[in-house]
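No value in this document is a laboratory result; all are computed from the given coordinates. Since we're looking at a predicted model, the values are computed, not measured. Neighbour counts are summed over all protein chains in view; Cβ atoms, including those assigned to glycine, are modelled from backbone coordinates with ideal geometry.
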Amino acid sequence: MTAEQALPTAVDDRFHHVGAVTDFDENTFRVYLLDGRSVGVVKTKAGFFAVNNTCPHQGAAICEGRVGGTMTASDPHQYAYSEDVLVAVCPWHRWEWELATGRSYGQVTARKLLTFEVLVQDGQVYVAGRKRRVHTA
Amino acid sequence: MTAIIETGAEATDRSDIDFPVIDCDVHPMFGGVQVLRPYLSPRVQRRIFGQEISPVTRDPNRIPHPTSGLRLDAVGPDQGPPGSNAEFSLQQWIIPFGISSSVLIPIQAGSILPWGDEQAGVEYLAALNRYFISEWCEFDSRYRLAISVSPYNMKSAVQEIEELADVPGVCAVFVPHAAVAMGRSQLFPMYEAAERHGLPVLLHPTGGEGNLRDAPWLAGGLPDTYPERHSMLLQPGQAILASVIFGGVFDHFPKLKVLLVEYGITWAASMIARMDKAWELGDGELSGLLRKPSEYVFDNIRFTTQPLDEPPKREMLWDILEMVHAERTVMFSSDYPHWDNDNPRLTLSTRLPRHLRRRIGFETARETFGARAGL
Amino acid sequence: MNSATGAQTIDTELHLLVPTLDDLLPYVPQAWQRKLTTSEFRLPPTGPHPGVEIERHHITAGIDPAETAADLPPDTVAALLSAPQPLVSTGWLGHEMAAIFHRAVNDYVMDRWLACDSRFYLAASVSVHDIDTAVAEVRRVADHPRVAAVVTSLIAINMGHKHYHRLYEVCQEKNLPLVIHPGGFEGSVVGPAALAGVGPRTPEETFALLPQVAMTSVSSLIFDGVFLRFPELTIVFAGFGYGWVPPVLWRADAEWRGLRVEVPWLVEPPSEVAARNIRFVVDGACDLDKAGAWKLAEMLPEQLLLYGSDRPYITSGAAGLAGAPEHLRRRIEFENAASTFPRLRIAVGDR
């Protein structure tokens, strides 16, 4: 029962141009002021993501943390590192936020990190400044 | 590393906080021990410069933090470690968060705990004190220093207190917690000097707890994960509390304040009840104390907020704050620039009940540090 | 004097004392009889009870089974007996001597006490110096119909450690909760679980700090994933109070939120693990008397707390429970113990 908004095939007026794909170093946020919000944009091997630059926990600048994979659930005292899900790690209390969904990795909290739609077209990167309008059941 | 096009500095405005804030736990650090050279004798330079002064008084491999014990966003333009640049800390923390006065606690003082060369320890702490007075307190009056003294050498501890008590910026005495019970009478000369000068004595984990033979141990045996160990750092705080109270420190020094910084608060509710019960089981008389333990806690002990509890319902925390008379005993702290620092905009607004915000935000600290609070 | 309504009560902490070494010798192998009677060995004294007393008292109650049975409040339908004297063996260096002593006391209780009253159940004690011996002892006594738990005290190895795993395994297998109780040497002697800080210390400090042993244990059990390996295991802490539990669980949850990468096997908050697998006995009157005590109890999941009289050290019985909020009182005085100790349920019958 999910009605997902179709991804735009053309840049409309919600989108801000934030630079060229080549401007971005992998896993390094670039931060922009978009529609009054501080938004971090990052290039990863899974594509581009954009998140609100404010940690829902205590307000730290998420984009000054780290981006990468994380440890998945495992047996006691065993570790399994995976990059199937990429997270942003808050520079303060290290809460992990899934770049694609804004959900807390490991469900340590029900709070969510705001994410923004990213569009890459002709080697240029565009970010929608308003919250992504995705309808989920 | 972040490429910042437009700064995304930490969110909300301060509209909820219309009072001054005293931050009772900020950590300055020296990046390289060479900065202490001007303050050290050649022999002690030789002793110290061959060593690596860890910020946390233990080998990092013993129980490494999985990411870092410091904030990932607190490295300044000079690339020194977080907390090593007074200007940067001012711009990142003190000014934007409206801190009117901060208590600097240099936990690198804990390095002396295992040193058998007592004289080197004394000189190193004296160097630390003068360095931070010069580079931080004289840089900005919002920086106040807890001067470090050696628990092993009372003569030098007293001398240091006498010399520095009235230096502008000095506000407390920090004593690294060694394998010496804090209530023992051998420490009384230090307590006496501190009380006489109106200086609180401040305790804070050094990192040596549960790691060095020359530091207090944790309960049970040895932890084997970082969260296990970190969550048990309240225990040395409990040990200090029990020791100073039942050791009669406050019968001898009724005006003295002992500050338990970064050990937590809420464990104190049931511990206070247990201490009173222990006292009652001996009819009061057996303990040798003049008063009930809880009275000393409320009069002479202060706790700091960070890390502030995150219960399922904040009213649970509020209930415990009432049990420990938080309007008298609790002071705000951030623990900047450690990884788990608390944002004062949240601590001093929605996380605390309205009637406690000003008390915790600055009033109790102002009473505790007196004019030295700088307010 | 017991429950305010006269409703059924389960006492999860009733202590018994062995009066003299001679009483114990029939249960000791012959060569050890010789050793115990010709060496410096002395029967551990009956007091002080760690965490309850701060000066040595000569205890005369708790020695005679018939007297103890007669003294049981009429609404006590089951009482879990445990002997404190073997628990001091965490302070002993001879592992075999410790094992012999625990075994002898277990046999003494099974022989002299359990037949006296159908309400008596036994928490059989083991020494954790040598886990193989502990496991053998559990297997030896587990099938006695009135053995309802295992009890031990802790050495300076945290409970999450592999050292204890085979003991956890057999307790889980036999459906026996593992009760942890102070031994008596915490804080003073090298070997048992330490108290934090630096010794030596006054009895008052020991009393105040004793809950730390349980705090460390809770943290270690959860962060080391013990209940992932042994999901049916229940650990019960008796003699450590409970007022510290809410703060410790909140802190554990906060640590987990920030340090999940270090303990990725934990896929739920520590407090939820504790709610399932850990229990705390409400004993030691200091936790009941004070105003905040019930406020603290209400901060915990309802299934966590169990009533224990701690006789003969405390004689007020369940009087303190009269101040409990209604919804908690029945849980604490009966329901939680009935569901925590499966072996008690069998004989208790209809409720």
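Here the spin labels are modelled as points 7 Å beyond Cα on the Cα-Cβ line, and at residue C:130 and residue B:315 they lie 5.5 nm apart. Cross-link reach is defined here as a Cα-Cα straight distance under 30 Å, omitting same-chain residues fewer than 8 places apart; for residue B:313 the lysines meeting it are A:112, A:131, B:277, C:290, C:295. Is the stretch B:73-150 best put as rounded, prolate or oblate by its Cα gyration tensor, with a ≥ b ≥ c the root eigenvalues, rounded for a/c under 1.5, and otherwise prolate when a/b is larger than b/c, oblate when not? Cα axes put the stretch B:73-150 in the prolate bin. Remark: the protein assembly as shown carries a charge dipole of roughly 440 debye about the Cα centre, counting +1 on each Lys and Arg Cβ and -1 on each Asp and Glu Cβ. Projecting label points 7 angstrom from Cα along Cα→Cβ for residue A:84 and residue A:11 puts them 3.5 nm apart.
First measure r as the distance between the Cβ atoms of residue B:62 and residue B:325, then evaluate 1/(1 + (r/R0)^6) with R0 = 35 Å and state the FRET efficiency to the nearest 0.05. Here the calculated transfer efficiency is 0.40. Let me make sure I get this right: for chain C, a, b and c are the square roots of the gyration tensor eigenvalues over alpha carbons, sorted descending. Under 1.5 in a/c it's rounded, otherwise prolate if a/b > b/c, else oblate. Which is it? Verdict is rounded for chain C.
Ignoring aspartates and glutamates fewer than eight residues from residue A:43 along the same chain, the ones with Cα atoms less than 18 angstrom from its Cα are A:23, A:25, A:26, A:64, A:83, A:84, A:96, A:98, A:117, A:122, B:6. May I ask you to derive the relative contact order of chain C, considering only C-alpha pairs under 8 Å and at least 6 residues apart, and to give it as an integer percent? So the answer I get is 21 percent. Annotation: the residues B:285, C:169, sorted from fewest to most other C-beta atoms within 10 Å of their own C-beta, follow the order B:285, C:169. Rounded to 0.05, the FRET efficiency of the residue C:316 and residue C:38 pair, given R0 = 35 Å and the Cβ-Cβ distance, is 0.25.
For a quick check: sort B:339, A:95 by the number of other beta carbons within 10 angstrom, fewest at the front. Fewest to most other Cβ atoms nearby, the residues stand as B:339, A:95. For the pair the stretch B:156-187 and the stretch B:288-332, the centres of their Cα atoms are 24 angstrom apart.
Under a 5 Å amide H cut-off, with hydrogens placed 1.01 Å from N, residue B:25 pairs with B:103, B:334, B:335 among residues at least 5 apart or on other chains. For the stretch C:9-342, the Cβ-based charge dipole about the Cα centre amounts to some 520 debye (Lys, Arg positive; Asp, Glu negative; other atoms uncharged). Look at B:43, C:257 and count the other Cβ atoms within 10 Å of each Cβ; fewest to most, that gives B:43, C:257.
Peptide C:214-225 has a mean of 6 when you count, residue by residue, the C-beta atoms of other protein chains within 10 Å of its C-beta. Have a look at B:100, A:95, C:299 and report the one farthest towards the positive end of the charge dipole of the protein assembly as shown, computed about the Cα centre with Cβ charges (Lys/Arg +1, Asp/Glu -1). It is A:95. Using 18 Å as the cut-off for backbone N distance, which residues of the stretch C:304-338 belong to the label zone defined by a point 7 Å from the Cα of residue C:61 along Cα→Cβ? Counting only backbone N, you get C:307-322. Ranking C:45, B:70, A:56 by how far each Cα lies toward the positive end of the dipole of the protein assembly as shown (charges on Cβ) leaves A:56 at the top. Positive end of the dipole of the stretch C:9-342 (Cβ unit charges, origin at the Cα centre): among C:172, C:240, C:85, the Cα lying farthest that way belongs to C:172. Cα centroids of the stretch B:218-287 and the stretch C:50-65: 26 Å apart. Computed from the Cβ-Cβ distance with R0 of 45 Å, the FRET efficiency linking residue B:375 to residue C:31 stands at 0.05. The label-point distance for residue C:175 and residue B:41, in a model that sets each label 7 Å from Cα toward Cβ, rounds to 7.4 nm. With only alpha-carbon pairs counted, each pair once and no self-pairs, how large is the Kirkwood hydrodynamic radius of chain A in angstroms? One over the average 1/r among Cα pairs gives 15.6 Å for chain A. Here is the P(r) of chain B: all C-alpha pair distances, binned every 20 Å from 0, give 29, 61, 9, 0 in whole percents.
Okay, helix-only estimate at 222 nm for the protein assembly as shown: each DSSP H run of n ≥ 4 adds -39500 (n - 2.57), divide by all residues, round to 500 deg cm²/dmol; what do you get?
Only helices count here, giving -8000 deg cm²/dmol.
The ratio of the alpha-carbon radius of gyration of the protein assembly as shown to the globular-protein estimate 2.2 N^0.38 Å is 1.01.
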